[in-house]
4 protein chains.
Amino acid sequence: TDQDWMKLALTLAEATTGQTGSNPMVGAVVINDGRLVGQGAHLRRGEAHAEVHALQMAGERARGGTIYVTLEPCNHHGQTPPCTEAILKTGIQRVVVGSTDPDSRVSGQGIARLQQAGLEVKTHVLQEECNRLNEAYFHHRLTGLPFVTLKMATTLDGKIASHTGDSRWVTNEISRERVHELRDQYQAILVGVQTVIADDPELTTRFKIGGKHPIRIIVDSQLRTPFTAKVIDVSTAPTLICTTEAAMKSEHAEQFQAKGVQLLECGAGNRVDLGLMLQQLGKQGILSLLVEGGGTINGSLLAEHRVQKVIAFIAPKILGGKRSLSAIGDPSPDRMADAIELDQISWEQYGNDLCVTGYVKPTTSDEK
Amino acid sequence: TDQDWMKLALTLAEATTGQTGSNPMVGAVVINDGRLVGQGAHLRRGEAHAEVHALQMAGERARGGTIYVTLEPCNHHGQTPPCTEAILKTGIQRVVVGSTDPDSRVSGQGIARLQQAGLEVKTHVLQEECNRLNEAYFHHRLTGLPFVTLKMATTLDGKIASHTGDSRWVTNEISRERVHELRDQYQAILVGVQTVIADDPELTTRFKIGGKHPIRIIVDSQLRTPFTAKVIDVSTAPTLICTTEAAMKSEHAEQFQAKGVQLLECGAGNRVDLGLMLQQLGKQGILSLLVEGGGTINGSLLAEHRVQKVIAFIAPKILGGKRSLSAIGDPSPDRMADAIELDQISWEQYGNDLCVTGYVKPTTSDEK
Amino acid sequence: TDQDWMKLALTLAEATTGQTGSNPMVGAVVINDGRLVGQGAHLRRGEAHAEVHALQMAGERARGGTIYVTLEPCNHHGQTPPCTEAILKTGIQRVVVGSTDPDSRVSGQGIARLQQAGLEVKTHVLQEECNRLNEAYFHHRLTGLPFVTLKMATTLDGKIASHTGDSRWVTNEISRERVHELRDQYQAILVGVQTVIADDPELTTRFKIGGKHPIRIIVDSQLRTPFTAKVIDVSTAPTLICTTEAAMKSEHAEQFQAKGVQLLECGAGNRVDLGLMLQQLGKQGILSLLVEGGGTINGSLLAEHRVQKVIAFIAPKILGGKRSLSAIGDPSPDRMADAIELDQISWEQYGNDLCVTGYVKPTTSDEK
Amino acid sequence: TDQDWMKLALTLAEATTGQTGSNPMVGAVVINDGRLVGQGAHLRRGEAHAEVHALQMAGERARGGTIYVTLEPCNHHGQTPPCTEAILKTGIQRVVVGSTDPDSRVSGQGIARLQQAGLEVKTHVLQEECNRLNEAYFHHRLTGLPFVTLKMATTLDGKIASHTGDSRWVTNEISRERVHELRDQYQAILVGVQTVIADDPELTTRFKIGGKHPIRIIVDSQLRTPFTAKVIDVSTAPTLICTTEAAMKSEHAEQFQAKGVQLLECGAGNRVDLGLMLQQLGKQGILSLLVEGGGTINGSLLAEHRVQKVIAFIAPKILGGKRSLSAIGDPSPDRMADAIELDQISWEQYGNDLCVTGYVKPTTSDEK
Ligand SMILES: [Zn+2]
Ligand SMILES: [Zn+2]
Ligand SMILES: [Zn+2]
Ligand SMILES: [Zn+2]
């Protein structure tokens, strides 16, 4: 059935998790007379789209067949020629589409082109699964901003470190490995300067085999990042410091740039303007951002409603202590009713740790 | 099979949850020639034991039969005559036991008595389930102390209230109803005086039908509990204030006693000696204690390793804020490795809330 | 909740499976102020009803409480006084009922009596489960006939024995043990005379402990049952031979009766009139009948639509062979569409054997 | 992990079910630095192997990578050049294999070639799943014979038709659709001549879209197949009649051949020698055979232990009747212990029908 073949296309797309960069993950399958004659996935930005691989494998047998694509075929000349033309050339007669393209300017144009040429087009097959697969891509197309996911790793009482800053380890090995998988899947990772000063993290992806390092972004209003910090070494991965107009003019700024660190001016105030920051990151083509703390940057992003998704790892232990560090810093809301609510909750178990995933519910004020 | 009949006895015992007070929940079933001839449960402290009900229903047909009891039959004269004698009188030939009595002074005596009289006795049938059913009773018998369960209800980031003290509501209705079920099951409920001052709670069990109010215990070193506090009204349920030697001599003390509030002297120091407090509560026959905060008392009990079980309700929302209140107060440990670890973890889902239950792992120092 | 307490009452009733004879299985629970104060089940025909046991355990605490009963309380003087009066005496205020009594002459009278006395009555709580528990009892009350269950045990190709009659063993040990459980649960077991001649079965319940032997019924139109047959020995269990008017007058008939075998005249024709037979068995108080073959009697009962339920054990083996014996004999219908259809199908797995249970679907002609 | 990527390769292979003819289904995946760079499946006999498709998609990025293949790569020149050479050319450094090639003459040669060339080879990853996927192919390679699956569709009492031959319908629509899926998956379908005479079936695959017709094989010792039978029309699918030496010489034989029907001489006796028949079908490259009755051919094949797998659809209905037709004909064994036993049993539910699948257990005599 259409659903079975789309499911195969989805499986092909999912197998490319973490490797398509700012491009969406897409899978395609070509069927003729009930038989598989081609299959493909988009492997890497700048390379052939999924449809091209699948049609190439199908060759002559695409004629009269059906192509299943998880995302609406493109209709414009990008780094590759439009897939609609590739499809038309092969004599495909029917196109089954999962997600339509979220970009309102181009959405539906691929489908329209195919229909005008007389092909039968069916849309919205396993649409929810296809949308979810590229949630960051879709969010970026619709808003121009990166999709922001806040990652937390806390004890049962919400603590991330002792008052001395000791945090080795909150969660177990399985959870920590899962964090490296997340880093591999996100285009960029973001931390506040306090985390850099306190922990001097590398913010890289550590896998047994392969894996991509995310772009490392530091929110640092006064350019307090030490020159000796590990993240300043851009030989492993690019680093970007988001700072203020004033700090951009300091001597420090030049020195960072001399080391190959990119600086991004985010407003003329004393503190980085987070809204401006995300707009600029979005323009630079960063679709997905994994926020890994500390509490201050977490708190600000949440309070300004700039977070779309939360992934919380919870270890079954209790640290306690008023001076112990919590995952989320100020602002401190007056009312419990001001808490940020999550929905579409799911739970996973990693050993004895628990991982709660949810999406930030739009508030009334967001809806204005 | 023996397991099937013991399972029925367990079902009968579980049906008495919350109503046996400081007595264990016990179920009994009498079988003769493969047929059910009697069944019973211990319903209320001071009333007939499970065996007696089951044997009474069986009447003459107990002769030659088998009795299944979830807990070793008693062999001493208490409020009722010993069940061993009741069993022997009926001509029962075989006794199948779930848990043996945990009290080392009497453990095995019931079984020994029955064996000496020539009955066949089989033990440890579904023992783990039978032990778990009366975990508080067993803990009290072995240590003389109440079984202490810490209940938490927090946001995903571990907060219980905003900096203004607003906590309406952290968790959803299902979770809150579940808390009232817990209050019904525990003999006593304990809070710190700060909670009384801040929230003025009733600390009663609110069910649609029935339910027992737990004994309300306040830890209050300087007798700061307001006379107008709802918990001071002992017409709904008994109240007990744990305080210090010095405070016992104050005028306040007399006034509380005049209102029918019991005072318990817990040490000569400035603060209530929690170890002494638990010893005295244990001696007063309190087997199970549900601790409901606030952070100070939670933190002290945990740090002194006086908690056996933790039940944490977690709502999928994030409050954030440095001044927001955490579930567990001081002391603030230096190292993450000092966190209290839980094991035998289980998870339950109440709507979108999550409930994590675990038992405090004994630490090396505990084992000395 | 009402459902939880009714579930406990159901558990109590189920524990009496096989021991209430022609009486229904009934469980009762008494609750006061949310607490269990009494529980009971009807243990054996002629003894106290479930309500009586439960109320006796409750004693004074029944007053103002609620009684949960799986079956409408009786309102007539039978072997015991009416339960409605027992309930009224105790001061119970609310009665929750699972099944209403199926007997149209008395149905609802118990409930009406209680309501007239001012009690609150709620019915149909877990009704489906309560009805299913006593499906034979209900069928007998409604039709006057025994509830007939056909048990089959075949190979995957529907064979019960080789052409030589060898049938050791079709199914595995677990399945065969399950058959003995069925015999324990049914009041009577029925076979054709050919099975007696061919296999000389005992038709008793063989358990490790206890178990009831069913009444053994042989359909034997010409009284061909050998005097040496094991089933003729009534010292283990009663035996009843259903035969014809003519055969009743034979010398054989007297000899059987001399041995203590009961004879039942079923019509003046050459063959036993199965409809007449079931009517008479129903009148004798036989509520449930397990038919265990052979093929001839199975075929006749099915074709005459006298079977309510089928329990088919299927072993994963193939015997094959045109002369091998099938489970169901003649008549041989002309069309596949004449097959007897089952619904409410359920499947169970016993080792590698499979057990299919279903209820005979009423045909159009049945509905006239 | 290796298992995850092999699972993807298996998914690709499974998607080709029914379309590779006598070739095995094979899937391949190429990974470099933890990233998917190529994927492919063998689509159709005579076309590129899975490895070739996957390596072609990978292009330059295969160098230094790992290829996952569900079946050991071939090392001989067939219709396509050996895959071992294709792998070596690309600079792949590691090969992960599911099943080794079952053909004892070539087994391990592909692996040996790759190891000699210095590649790291890991075998037996998800081997059981990979073997099961091509069970017919493996059986054929090991024995030279087709893998024989007996399909039955019976009532609960093992009947396939009434005494008049009426069999519309035993099973429900879902089961019957599933049979057409089986026909699509098997290379050939076999029936006895009696079935052709009685039912005049087409023996084709009827799908909504696509599907392959199996080769239709009739066992017909005396060439009694009517010239008007639907299976004689070879315009839809090829037909093959297995007959005897004597019948081959008859005038009929020529007439069949003139119509395009292939005749296969299977022994000089009165009846088709089934062993000889299977040997010849195996030599003709028929790997998988679905036997669809009637009873006579089913019985003979089973009795001669020529069946490997049984798929039994069971409808929850009872036909009864001595003259009704059973699924399996003669021979009629003397003892129940002579029944053919199945193991590795699995059950599936299609609506109210049940489908039991099992593999014929080797008997002692088979093992000689
Ligand atoms: Zn494209
Ligand atoms: Zn006792
Ligand atoms: Zn009654
Ligand atoms: Zn190859």
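Among the residues of the range A:330-354, how many are in a loop (DSSP other than H, G, I, E, B) and closer than 20 Å to residue B:312 by Cβ?
Of the range A:330-354, the ones in a loop (DSSP other than H, G, I, E, B) are A:330-335, A:339, A:351-352.
This time we only want the ones that are closer than 20 Å to residue B:312 by Cβ, so: A:339, A:351-352.
Number of matching residues: 3.
If a residue must be touching a strand residue (DSSP E or B) at 6+ places or on another chain (Cβ under 7 Å) and away from every other protein chain (no Cβ under 14 Å), how many such residues does the range B:202-240 contain?
17
Filter the range B:62-73 for residues that are part of a loop (DSSP other than H, G, I, E, B) and either within 13 Å of another protein chain (Cβ to nearest Cβ) or crowded, with 24+ Cβ neighbours inside 10 Å (or both); which is nearest to ligand 2 (Cβ to nearest atom)? It would help to see each step written out before you state the result.
Restricting attention to the range B:62-73, the residues satisfying the condition of being part of a loop (DSSP other than H, G, I, E, B) are B:63-65, B:72-73.
Narrowing further to those that are either within 13 Å of another protein chain (Cβ to nearest Cβ) or crowded, with 24+ Cβ neighbours inside 10 Å (or both): B:64-65, B:72-73.
Numbers: B:64: 21, B:65: 18, B:72: 9, B:73: 5 Å.
Of everything passing the filter in the range B:62-73, B:73 is nearest to ligand 2 (Cβ to nearest atom).
Condition first: outside any strand (DSSP E or B) and either surrounded by fewer than 24 Cβ atoms within 10 Å (Cβ to Cβ) or within 16 Å of ligand 4 (Cβ to nearest atom) (or both). Now tell me which residues in the range A:25-56 satisfy that. Let's see the steps before the verdict.
Pass one, the range A:25-56, residues outside any strand (DSSP E or B): A:25-26, A:33-34, A:42-56.
Scanning the range A:25-56 gives A:33, A:34, A:44, A:45, A:46, A:47, A:48, A:52, A:56.
Looking only at the range D:89-105, decide whether some residue is more than 16 Å from residue A:15 (Cβ to Cβ) and in a helix (DSSP H, G or I).
Yes, the range D:89-105 has at least one match.
Any idea which of (1) more than 18 Å from the chain's Cα centre (by Cα); (2) at negative phi is the one residue B:302 doesn't satisfy?
Every listed condition holds for residue B:302 apart from (1).
Take the conditions on the phi > 0 side of the Ramachandran plot and either assigned to a loop (DSSP other than H, G, I, E, B) or away from ligand 4 (no atom under 16 Å from the Cβ) (or both) and apply them to residue A:59. Does it pass?
yes
Could you say whether any residue in the range D:153-165 is within 19 Å of the chain's Cα centre (by Cα), of a type outside the set (Lys, Arg) and buried (at least 18 other Cβ atoms within 10 Å of the Cβ)?
yes
Each row is one residue, and each column tells you yes or no for (1) touching an Asp or Glu at 6+ places or on another chain (Cβ under 7 Å); (2) more than 26 Å from residue A:20 (Cα to Cα); (3) surrounded by 19 or more Cβ atoms within 10 Å (Cβ to Cβ).
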{"residue": "A:262", "(1), (2), (3)": "no, no, no"}
{"residue": "A:268", "(1), (2), (3)": "yes, yes, no"}
{"residue": "A:274", "(1), (2), (3)": "yes, yes, yes"}
{"residue": "A:283", "(1), (2), (3)": "no, no, no"}
{"residue": "A:288", "(1), (2), (3)": "no, no, yes"}
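Return a yes/no flag: does the range C:295-309 have any residue that is touching a residue at least 24 places away in the same chain (Cβ under 8 Å), part of a strand (DSSP E or B), closer than 27 Å to residue C:229 by Cα and more than 10 Å from every other protein chain (Cβ to nearest Cβ).
No: the range C:295-309 contains no residue that is touching a residue at least 24 places away in the same chain (Cβ under 8 Å), part of a strand (DSSP E or B), closer than 27 Å to residue C:229 by Cα and more than 10 Å from every other protein chain (Cβ to nearest Cβ).
Name the residue, out of D:78, D:18, that is modelled with pLDDT under 90, away from ligand 1 (no atom under 16 Å from the Cβ) and more than 13 Å from every other protein chain (Cβ to nearest Cβ).
D:78
Given the condition in contact with a His (Cβ under 8 Å, 6 or more places away or on another chain) and of a type in the set (A, V, I, L, M), answer yes or no: does some residue in the range C:104-126 qualify?
Yes, the range C:104-126 contains a residue that is in contact with a His (Cβ under 8 Å, 6 or more places away or on another chain) and of a type in the set (A, V, I, L, M).
All but one of (1) surrounded by fewer than 24 Cβ atoms within 10 Å (Cβ to Cβ); (2) within 16 Å of ligand 3 (Cβ to nearest atom); (3) modelled with pLDDT under 95; (4) of a type outside the set (D, E, K, R) hold for residue C:144; state the number of the condition that does not hold.
(2)
Output the number of residues of the range A:23-71 satisfying the condition of being basic (Lys, Arg) and farther than 23 Å from residue D:45 by Cβ.
Counting residues in the range A:23-71 that are basic (Lys, Arg) and farther than 23 Å from residue D:45 by Cβ gives 2.
For the structure I just gave you, tell me whether residue B:326 is without any contact (Cβ under 8 Å) to a residue 24 or more places away in the chain, within 20 Å of residue A:154 (Cα to Cα) and either aliphatic (A, V, I, L, M) or within 7 Å of another protein chain (Cβ to nearest Cβ) (or both).
no
If you check residue C:121 against the conditions, is it crowded, with 19+ Cβ neighbours inside 10 Å, at pLDDT 95 or above and hydrophobic (A, V, I, L, M, F, W, C)?
Here the answer is no, as residue C:121 does not meet what is asked.
Which pairs turn up if I take residues in the range B:182-201 that are more than 13 Å from residue B:297 (Cβ to Cβ) and look for partners that are of a type in the set (Gly, Ala, Ser) and in a helix (DSSP H, G or I) with beta carbon separation below 6 Å, at least 6 apart in sequence or on another chain?
So the pair list comes out empty.
Restricting attention to the range C:215-229, which residues are surrounded by 18 or more Cβ atoms within 10 Å (Cβ to Cβ) and either touching a Leu at 6+ places or on another chain (Cβ under 7 Å) or polar (S, T, N, Q) (or both)?
Residues satisfying the conditions are C:215, C:216, C:217, C:219, C:221, C:225.
For residue A:285, work out the one condition from (1) small (Gly, Ala, Ser); (2) assigned to a loop (DSSP other than H, G, I, E, B); (3) over 16 Å from the mean Cα position of the chain (by Cα) it doesn't fulfil.
Exception for residue A:285: condition (3).
Would you say residue D:358 is at the interface with chain C (Cβ under 7 Å from one of its Cβ atoms), surrounded by 18 or more Cβ atoms within 10 Å (Cβ to Cβ) and modelled with pLDDT under 95?
Numbers: at the interface with chain C (Cβ under 7 Å from one of its Cβ atoms): yes; surrounded by 18 or more Cβ atoms within 10 Å (Cβ to Cβ): yes; modelled with pLDDT under 95: no.
Considered against the rule, which asks whether it is at the interface with chain C (Cβ under 7 Å from one of its Cβ atoms), surrounded by 18 or more Cβ atoms within 10 Å (Cβ to Cβ) and modelled with pLDDT under 95, residue D:358 comes out as no.
Residues of the range D:81-96 being in contact with a Lys or Arg (Cβ under 7 Å, 6 or more places away or on another chain), away from chain A (no Cβ under 14 Å) and more than 10 Å from ligand 4 (Cβ to nearest atom), which ones?
D:90, D:91
This table checks each residue for (1) without any contact (Cβ under 8 Å) to a residue 24 or more places away in the chain; (2) more than 15 Å from ligand 3 (Cβ to nearest atom); (3) farther than 23 Å from residue C:139 by Cα.
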residue: C:62; (1), (2), (3): no, yes, yes
residue: C:66; (1), (2), (3): no, yes, yes
residue: C:111; (1), (2), (3): no, no, no
residue: C:127; (1), (2), (3): no, yes, no
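Every residue in the range C:6-43 that is without any contact (Cβ under 8 Å) to a residue 60 or more places away in the chain and closer than 21 Å to residue C:91 by Cβ, please.
Hits for the range C:6-43 are C:28, C:29, C:31, C:32, C:33, C:34, C:35, C:36, C:37, C:38, C:39, C:40.
The values are calculated or read from the model by the stated rules, or taken from the named source; none is laboratory data. In this text, all values refer to a predicted model and were calculated from it rather than measured experimentally. With ideal geometry, Cβ positions are generated from the backbone for all residues, glycine too; neighbour counts draw on all protein chains shown.
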